[in-house]
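The values are calculated or read from the model by the stated rules, or taken from the named source; none is laboratory data. All values derive from a computational prediction rather than experimental measurement. A quick note on method: Cβ atoms are made from the backbone with ideal geometry, for glycine too, and the neighbour counts reach across all protein chains shown.
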Amino acid sequence: MTKGLYNISHNKKIAKDIYEMKLTGDTSSLSQPGQFINILIDGFYLRRPISVCDYDKNSITIIYKTVGEGTEYLSTLKENSGLDILVGLGNGFDTKKSGGSPLLIGGGVGVPPLYMLAKRLIDEGKSVKVIIGFNSKDEVFYEKEFNALGAKTFVTTADGSYKTRGFVTDALHLVGTYSYFYTCGPKPMLKAVYNSCETEGQFSFEERMGCGFGACMGCSCKTKYGDKRICKEGPVLQKEEIIW
């Protein structure tokens, strides 16, 4: 984990209530897709945890949704503003278990960490398929970016306004066979994926966090192997250990 001041190089709206922010600074503590950062926002006591969408040797890209005063404030920040951030938090996705044809399933703001995962898997020579789900057409983002990586991408919308009508599990029949799956999104979606996907897989969970690095125990959850902290041992858990 590293702590530092990161500079905003862009902060732009990419879909309804969805913003993409690129930050420059030290990324040496990032090693796995699925890790997150914790942002200190002026006027708010708790930092805001946000998944890393992508990173390179000197920049981090995040995608966030404006759902409250903290993220609303983030959306107003201009280029060259600075943010105090904890970087390199959490236990990310393990690509060694993927097999040759993994499936990535994301819903809403659960989509961003899957982008870096798709890049990593494709770099490893895997044939990647992706299902991304949204409420409506105006909330869809990163379809083109996944396709540009070479991932075969399927989109669902709950209201049927774009591509497949329904939820992410309603597109499973379009995918065909896959060797393993990775998923990130709201808990009802994760549970539906758990019940619908027959292979082994990895789930990235969201919980309210106090510290973000395992000290406060505020985000603990029960697993078949004992209590685990979502911010430390997670956010990624194996299918076999999850208790609903």
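Okay, residues lined up against (1) assigned to a loop (DSSP other than H, G, I, E, B); (2) at pLDDT 95 or above; (3) out of contact with any Pro (no Cβ under 6 Å at 6 or more places or on another chain); (4) of a type outside the set (A, V, I, L, M):
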residue: G4; (1), (2), (3), (4): no, yes, yes, yes
residue: I8; (1), (2), (3), (4): no, yes, yes, no
residue: K12; (1), (2), (3), (4): no, yes, yes, yes
residue: K22; (1), (2), (3), (4): no, yes, yes, yes
residue: V52; (1), (2), (3), (4): no, yes, yes, no
residue: G70; (1), (2), (3), (4): no, no, yes, yes
Next on the checklist: Tally up the residues in region 207-224 that are in contact with a strand residue (DSSP E or B) (Cβ under 8 Å, 6 or more places away or on another chain), small (G, A, S) and part of a loop (DSSP other than H, G, I, E, B), please.
Outcome noted: 2
Next on the checklist: For the condition more than 16 Å from the chain's Cα centre (by Cα), surrounded by fewer than 23 Cβ atoms within 10 Å (Cβ to Cβ) and either of a type in the set (K, R) or assigned by TED's automatic domain parsing to the domain that holds S101 (or both), what is the one hit in Y225, Y180?
Outcome noted: Y180
Checklist entry - In the set K191, K152, which member is touching a residue at least 40 places away in the same chain (Cβ under 8 Å) and among the basic types (K, R)? => result K191
Next on the checklist: Condition first: in a strand (DSSP E or B) and of a type in the set (A, V, I, L, M). Can you find one or more residues in region 192-206 that meet it?
Outcome noted: no
